[in-house]
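Shown next, in structure tokens, is the structure this report addresses.
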Amino acid sequence: MADDFETPRVLDEKMSEVFDWSDDSIPVRDALWDHYMEDNSHDTMKTESDMEKYLDMSDDDVKADAEKLLKK
């Protein structure tokens, strides 16, 4: 039954654990959500649509995209 469990995904890890440039303790998923909400005038439906792509991305792709969007 071990095949039924996934290893933690980048989306669920704390920003500070994934990126050495971040000291934020929120999950990557929440940081991306916040970014999209700010970017589209707090349109929840648009943000949900923007976030869907991350569910099918590899961890490496999520990390690269998050770094591009969130690193200041």
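Kirkwood hydrodynamic radius computed over the chain comes to 12.8 Å, based on all pairs of distinct alpha carbons.
Pairs of Cα atoms nearer than 8 Å and 6+ residues apart set the relative contact order; for the chain it is 30 percent.
The residues of the chain have, on average, 73 Å² of accessible surface per residue, using a 1.4 Å probe with all protein chains present. The fraction of accessible area contributed by carbon and sulfur in the chain is 47 percent, rounded to a whole number (1.4 Å probe; ligands and nucleic acids excluded).
Of Met45, Met51, Met57, the residue with the largest accessible area leads and the full order is Met45, Met57, Met51 (1.4 Å probe).
With both labels modelled 7 Å from their Cα along Cα-to-Cβ, the Lys46 to Asp61 distance reads 2.4 nm. Heavy-atom accessible area of Leu70 with all protein chains present, probe 1.4 Å, nearest 10 Å²? Accessible area of Leu70: about 30 Å². A 1.4 Å probe, protein heavy atoms only, puts the accessible area of Ser25 near 80 Å².
The values are calculated or read from the model by the stated rules, or taken from the named source; none is laboratory data. Keep in mind that this is a model prediction, so the values were computed, not measured. Don't worry about glycine lacking a Cβ; one is built from the backbone with ideal geometry, like all the others, and counts go over all protein chains shown. Note: areas computed on protein heavy atoms with side chains; ligands, DNA, RNA excluded. Shrake-Rupley method; radii C 1.70, N 1.55, O 1.52, S 1.80 Å.
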